[in-house]
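Single-structure report; data block below.
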Amino acid sequence: MKYRLLAGGSALVMAAALSACSSSSDGAGETGGVTTVDVWLMRDSVSAAFQKEFVEGFEARHPKIKVKIQIQEWDGIGQKITAALASNDALDVIETGNTHIAQYAESGGLLDLSDKTDELNGKDWLKGLAEPGAYEGK
């Protein structure tokens, strides 16, 4: 089963969780090739320098995984995410605003990662994002 990760509020949370999500194959995976992780980030959520440093560092540590980031605009993002998640080829990681989380929770679209906090370096997460990044205490 393929899980999608919705990173609420911060790309930094998404970045920490990226290595734990399953990803889509670019077709080469079947022959031992590279897997691509498709990521949507919101415009201006991280600097271009941070994005570049993160992608290069992640790919250096995980040579068989490539990160494909697409920058999205806030205008109309709710409908765009809903359509993407309903498709047969949904993205692996989507950064979304906190105001959208309730909608995805209501439809069963969130994955509880509470048991992966240590694995995802939860001690390094920004404390101010703990509450907005939680749903029903998880």
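The values are calculated or read from the model by the stated rules, or taken from the named source; none is laboratory data. Small disclaimer: the values here were computed from a predicted structure and weren't measured. Here Cβ is always computed from backbone atoms with ideal geometry, including for glycine, and neighbour counts include all displayed protein chains. We work out accessible area using only protein heavy atoms, side chains counted, and drop any ligands, DNA or RNA first. Shrake-Rupley method; radii C 1.70, N 1.55, O 1.52, S 1.80 Å.
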Kindly indicate which of Asp38, Asp124, Asp75 is on the phi < 0 side of the Ramachandran plot, at pLDDT 90 or above, open to solvent by 50 Å² or more (accessible area, probe 1.4 Å) and not aliphatic (A, V, I, L, M).
Asp75
Positions within the stretch 113-128 being part of a loop (DSSP other than H, G, I, E, B) and in contact (Cβ under 8 Å) with a residue 40 or more places away in the chain, in sequence order:
Leu113, Glu119, Leu120, Asn121, Trp125, Leu126
I'd like to verify a number: residues in the stretch 62-77 that are touching a Ser or Thr at 6+ places or on another chain (Cβ under 8 Å) and not in a strand (DSSP E or B), how many?
3
Picked from the stretch 102-121 (must be open to solvent by 40 Å² or more (accessible area, probe 1.4 Å) and among the aliphatic types (A, V, I, L, M)), the residue farthest from Val39 (Cα to Cα) is Ala102
Of the residues in the stretch 91-101 that are in contact (Cβ under 8 Å) with a residue 24 or more places away in the chain and more than 13 Å from Gln70 (Cβ to Cβ), the one that is surrounded by the fewest Cβ atoms within 10 Å (Cβ to Cβ) is Asn98
Please state which of the following conditions Val39 fails to meet, knowing it meets all the rest: (1) touching a residue at least 24 places away in the same chain (Cβ under 8 Å); (2) part of a loop (DSSP other than H, G, I, E, B).
(2)
